[in-house]
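Written out below as structure tokens is the structure these notes cover.
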Ligand code: ARG
């Protein structure tokens, strides 16, 4: 009761012990930045080794520090470490425990360093590791697509524009479109890794330090290509996190488009694919239903990933150089986006691998809607030498006639076709069937099975090196 009194009646609310508790709650990041414990300890060990080698601390103190940090690592991994909100963040939690374990030598670890460069290096290491995880996951997804593409290089399906059947394509070709998209995502990950491969450690608070540190040594020890060149930039830059969120948002958008297609394809109306039981659920009330929940969640979670990108861009946009506590808000965005993207990639890879493709339904739909009309027009141009515009007009009349007779273009008789243009010969039927239409599109990047197989070979060779 007296505690309640001590807190301000107007704004104290649930914070029983007054302003100090509110400050602690808004200030602390340990509830989420504990995720950085391994990177934090790794960074500290590298820093202490450098301090010893440059003679800034003694070898004996360094040994104690390393030993203590490794003990802490083991404690955290065993779940016996006690995290404290009072100690604010992972950096101070580790350092306080180090003092418990090794005494005054612990106080030497923070020489020529600040939490500003410390947190920057920790998060960079974490994001870099995550980028490698995403790259592996993307390769797995691409591999799943390549297998489906190979299997269905000649399976015809309708290609759509405006959600309307436009021209027949092959399912393999459609799969390879996603290979291109995810391969671009993979190259974005590689680019981002390349740019974030610089160490901010040793920038200290913002201005560098008067101690004779060796930033090249710590950069190398932590697996970075080189140290960042400007100490102000080192502590204030979060581009690496933004780039990660950017590539994650683009990749999530690709996954969402795929999810949307799978949702449409698996409706009874389309029936192009059937999801495996592992990636769908039944309805609790309607026994006939099989819902594409995993695909819907991938589509839904995309909003969350994109939200994190917008969130961090908004945090950073008003930040004067160099560090401000606002930047502590970078972590939850990055962690949640990473966890979400990993899950989305795993779910889509599983779905692509497991789903059953209904080739008969695809083929039937491919032939519907006069999808070979362009083939007829092209034939008129190629065989009769007509200008394309005229061929387009004649084809329009053929479609109208077929509509009248309620048949497909390839079911019109030769007389029917000749009633529209006398020059049309029986050879035209060779392009009116969907299979032939698809086979004829051999232009580079086209949908002909021969071309699709070329694309598959290209990516199989490349993926090994990607
Ligand atoms: N927890 C802080 C963060 O994540 C660490 C850096 C604190 N630096 C400072 N000058 N208060 O940003």
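Working from label points 7 Å from Cα in the Cα-to-Cβ sense, the residue 286 to residue 239 distance is 5.1 nm.
The label-point distance for residue 160 and residue 313, in a model that sets each label 7 Å from Cα toward Cβ, rounds to 2.7 nm. For the stretch 137-293, the convex hull spanned by the alpha carbon atoms encloses 177 Å³ per residue. Between 0 and 90 degrees, the angle of helix 171-196 with respect to the longest Cα principal axis of the chain falls at about 20 degrees. The calculated FRET efficiency for the pair residue 304 and residue 70, based on their C-beta separation and a Förster distance of 35 Å, comes to about 0.45.
Exposure proxy shown here: for 64, 325, 405, the number of other Cβ atoms within 10 Å sets the order, fewest to most, as 325, 405, 64. Can you work out the FRET efficiency for the pair residue 404 and residue 267, with r the C-beta to C-beta distance and R0 = 30 Å, to the nearest 0.05? E(calc), rounded to 0.05, equals 0.50.
Among 247, 206, the order by Cβ neighbours within 10 angstrom, fewest to most, reads 206, 247. Peptides 432-445, 383-396 ranked from most to least packed by the mean count of surrounding Cβ atoms within 10 Å: 432-445, 383-396.
Helix 388-405 and the longest principal axis of the Cα set of the chain meet at an angle near 70°. Mean projected area of the Cα convex hull of the chain, taken over all directions, amounts to 32.4 nm². Full extension of the chain between residue 53 and residue 78 gives 5.9 nm of extra length, using 0.36 nm per residue less the Cα-Cα distance. Maximal additional length on extending the residue 426-residue 191 stretch stands at 79.1 nm, based on 0.36 nm per residue less the C-alpha distance. Calculated [222 nm] ellipticity per residue, helices only, for the chain: -20500 deg cm²/dmol; basis is -39500 (n - 2.57) per DSSP H run with n ≥ 4, divided by all residues, nearest 500. Shape summary of the stretch 144-195, radius of gyration then Dmax from alpha carbon positions: 14.2, 43 Å.
With viscosity 0.890 mPa s and temperature 25 °C, the Kirkwood radius over alpha carbon pairs of the stretch 295-425 converts through Stokes-Einstein to a diffusion coefficient of 122 µm²/s. For the chain, the antiparallel share of DSSP beta bridges with both residues in that region comes to about 85%. Based on alpha-carbon atoms, the Kirkwood radius and the radius of gyration of the stretch 167-255 give Rg/Rh equal to 1.24.
Each value in this text was obtained by applying a stated rule to the coordinates, not by laboratory testing. What you see is a predicted model; the values in this text were computed from it and never measured. We place every Cβ from the backbone using ideal geometry, glycine too, and count neighbours over all the protein chains shown.
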